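Beneath this line is the structure, given in structure tokens, with notes to follow.
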Amino acid sequence: GQQLNQSPQSMFIQEGEDVSMNCTSSSIFNTWLWYKQDPGEGPVLLIALYKAGELTSNGRLTAQFGITRKDSFLNISASIPSDVGIYFCAGLRDNNDMRFGAGTRLTVKP
Amino acid sequence: DTAVSQTPKYLVTQMGNDKSIKCEQNLGHDTMYWYKQDSKKFLKIMFSYNNKELIINETVPNRFSPKSPDKAHLNLHINSLELGDSAVYFCASSQDSSTYGYTFGSGTRLTVV
């Protein structure tokens, strides 16, 4: 299946810093999504992007759907301790087949 | 009133046993999925069912058999469990042809000893 390359693999930042992570693919996706997973829980949807070039915000989170439809990034501004977790990008095709990146493990030091 | 609920949350069993994981969603979604998350946290789709019909079946050993008695349930039965089956299994659901992402259950951690 399609491979989504997510980077970085992990990040250690200080509270208050901004964070950026991205995802690229060799295949085109119609929808890009960003999920967050807390320990012992399932992934929870943060942002969904539907159109190439689209820039969407959800509080301190901003994500963009790349023009080529093969990439996306997620920014978190002014990080706080509860931002800790694993962030996954995901690409969705038309046929209800969603593929995930390998995740970015975020650690925020108070 | 959990949206996607899986049981059990933890499952520890011996090699060679047969076990089932249940999943139910009360969101009225048409499509349900099973994902496997390995120790490196990589999420890989296993199966996808739409209105009780199998639409995606990734390269999964045929020891894994999904069963969908109705569109609100998708259970996963695993025969002859092996050590490599140890992982966290997530159930998810979505509206048909959804572009709104999936709603995940909280996972079942399977440990085969």
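The values are calculated or read from the model by the stated rules, or taken from the named source; none is laboratory data. Source: prediction; values computed, not measured. FYI the Cβ positions are ideal-geometry reconstructions off the backbone, even for glycines, and counts take in every protein chain you see. Quick note on the areas: whole protein, heavy atoms, side chains included, nothing else; ligands and nucleic acids left out. Shrake-Rupley method; radii C 1.70, N 1.55, O 1.52, S 1.80 Å.
Any idea which of B:98, B:93 is under 28 Å from residue A:6 (Cβ atoms), within 12 Å of another protein chain (Cβ to nearest Cβ), at pLDDT 90 or above and surrounded by 13 or more Cβ atoms within 10 Å (Cβ to Cβ)?
It is B:93.
For residues in segment A:74-110 being among the polar types (S, T, N, Q) and crowded, with 19+ Cβ neighbours inside 10 Å, which is farthest from the other protein chains (Cβ to nearest Cβ)?
By that ranking, first place goes to A:79.
So how many residues does segment A:1-46 have that are surrounded by fewer than 21 Cβ atoms within 10 Å (Cβ to Cβ), of a type in the set (A, V, I, L, M) and in contact (Cβ under 8 Å) with a residue 12 or more places away in the chain?
Result for segment A:1-46: 6.
Would you check if there is a residue in segment B:66-74 being under 19 Å from residue B:13 (Cβ atoms), at pLDDT 90 or above and out of contact with any Leu (no Cβ under 8 Å at 6 or more places or on another chain)?
No, there is no match, as no residue in segment B:66-74 is under 19 Å from residue B:13 (Cβ atoms), at pLDDT 90 or above and out of contact with any Leu (no Cβ under 8 Å at 6 or more places or on another chain).
Tell me which residues, restricted to segment B:61-78, are surrounded by 13 or more Cβ atoms within 10 Å (Cβ to Cβ) and of a type in the set (D, E, K, R).
Matches in segment B:61-78: B:63, B:67, B:71.
Any idea which of (1) more than 10 Å from chain A (Cβ to nearest Cβ); (2) open to solvent by 10 Å² or more (accessible area, probe 1.4 Å) is the one residue B:58 doesn't satisfy?
The failed condition is (1).
Checking the structure you have, find out if any residue of segment B:3-16 is part of a strand (DSSP E or B), hydroxyl-bearing (Ser, Thr, Tyr) and open to solvent by 70 Å² or more (accessible area, probe 1.4 Å).
Within segment B:3-16, one or more residues are part of a strand (DSSP E or B), hydroxyl-bearing (Ser, Thr, Tyr) and open to solvent by 70 Å² or more (accessible area, probe 1.4 Å).
Need the failing condition index for residue B:21 against (1) under 23 Å from residue A:34 (Cβ atoms); (2) touching a residue at least 60 places away in the same chain (Cβ under 8 Å); (3) open to solvent by less than 50 Å² (accessible area, probe 1.4 Å); (4) more than 11 Å from chain A (Cβ to nearest Cβ), just the number.
Checking residue B:21 against (1) under 23 Å from residue A:34 (Cβ atoms); (2) touching a residue at least 60 places away in the same chain (Cβ under 8 Å); (3) open to solvent by less than 50 Å² (accessible area, probe 1.4 Å); (4) more than 11 Å from chain A (Cβ to nearest Cβ), the one that fails is (1).
Does segment B:1-45 hold any residues that are among the hydrophobic types (A, V, I, L, M, F, W, C) and under 15 Å from residue A:100 (Cβ atoms), and which are they?
B:34, B:42, B:43, B:45
Only residues in segment B:57-76 that are free of Cβ contacts under 8 Å to residues at least 12 places away in the same chain count as the first member; pair them with residues that are hydrophobic (A, V, I, L, M, F, W, C), Cβ under 7 angstrom, at least 6 apart or cross-chain, and list the lot.
Once the first residue is free of Cβ contacts under 8 Å to residues at least 12 places away in the same chain and sits in segment B:57-76, its partners that are hydrophobic (A, V, I, L, M, F, W, C) give B:57/B:47.
Out of the residues in segment A:51-73 meeting the condition of being assigned to a loop (DSSP other than H, G, I, E, B) and within 14 Å of chain B (Cβ to nearest Cβ), tell me which one is nearest to residue A:7 (Cα to Cα).
Among residues in segment A:51-73 that are assigned to a loop (DSSP other than H, G, I, E, B) and within 14 Å of chain B (Cβ to nearest Cβ), the one nearest to residue A:7 (Cα to Cα) is A:69.
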